[in-house]
């Protein structure tokens, strides 16, 4: 892994880039087979695969000063490992993804558990038997909980919105307790205005299973995500340029193909307008006590509480330390893009950009921002591996590898849903 300065020598000549993904052929500039924009999961996996698998020279750039994208973690001033951009919990049902990432990291077993502050107490979320019994002072068995929830549920003729999903499953009282306020804070919209996918991915259980996820593989990188990315990118064919804007770099180097993992609307200069996103603000702090809360994440659904959740990282990392690190999350309308807003008009706007992307030769659009989907981490890895498979196959046949839409469809089985289905927390 090299820096762009190592490649550039006394400094590259500057020439205007073209939007077909190929820089003009002027001398004196470093040359690469691929320019990859974005050093998160999608970009880093493709950089590693192209460098190691196809012996390609890759320039990997990111506007941030670090690798790892939103999964970036680091030691804070007190020596505690924290996630800069909020908690990232690895879970998957894909053996392929686990096998691939295991080349670059060991694992720490970890099953994520979340509690919610409700009615003056902490109860498990997703809703399970313990949640119901604690909230209502009952002692129901599984069958009793199923009957209870059925009695609370309100029939919905046509399930279209997030409100419909929850009210139709557990009734309005539990909807108000756990979902309405949290969703309004998280999205800045009422659940009745949001696509059903927002809450459809949160299960309701009648047993005592208090795990947030039910995936076959649930674990955390043994030494953190950043160490995993460092191992992934440790290859002489990979050159890094951090803190770099892709348009500037594209003028300063020569490259044959472009892989873009940033916002697709930004790539096309917001031709049809901006795709809406929700952002987050984070307040990180260290507390002078060994533990702060009983689980890694506690949710705060009440609208009068400004933050949506508090994360305590030692639960996730297994780190032993006399102090503990916390992150408070505050949803925001401004800032870095995190969550695509799942509304029909936004999906229609994205389809306009998707048509442009599909018609742009020599450029592959991959990852959350480039495809306007809130993929889980394992799905992004799967999408990147699928695209690499297409590129490798095309290389063997002397072709170009085609577009990324078909590659996205090939990862549907990884997360158990269609690659075109909107996903959000």
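Observations on the structure shown:
- Averaging the sequence gap over all C-alpha pairs within less than 8 Å and six or more residues apart, then dividing by the number of residues, gives the range 112-153 a relative contact order of 22 percent.
- Taking label points 7 Å from Cα along the Cα-to-Cβ direction, residue 95 and residue 108 give a separation of 2.8 nm.
- Helix-derived mean residue ellipticity, 222 nm - over the chain, DSSP H n ≥ 4, -39500 (n - 2.57), to 500: -8500 deg cm²/dmol
- Proxy reagent accessibility, fewest Cβ within 10 Å first, across 127, 310, 36: 310, 127, 36
- Computed over the chain: relative contact order in percent, which uses C-alpha pairs under 8 Å that are six or more apart: 24
- On Cα atoms only, tilt of 377-397 relative to the major axis of the chain in degrees: 30
- Across the range 114-200, the mean sequence separation of Cα contacts (distance under 8 Å, 6 or more residues apart), normalised by length, yields a relative contact order of 22 percent.
- GNM top mover of 393, 154, 304 - the chain, alpha-carbon springs below 10 Å: 304
- Residues 140, 115, sorted so that the one with the fewest Cβ neighbours within 10 Å comes first: 140, 115
- Taking the longest Cα principal axis of the chain as reference, the axis of helix 344-358 is set at about 20 degrees.
- For the chain, the longest principal axis of the Cα atoms and the long axis of helix 41-54 meet at an angle of about 40 degrees.
- Label-reachable residues, the range 157-171, where backbone N falls under 13 Å from a point 7 Å from residue 138's Cα toward its Cβ: 170-171
Bear in mind these aren't lab numbers, they're just calculated from the coordinates by the rules spelled out. Computed from a prediction, not measured in an experiment: that's the story for all the values here. Backbone-built Cβ (ideal geometry, glycine too); neighbour counts: all protein chains shown.
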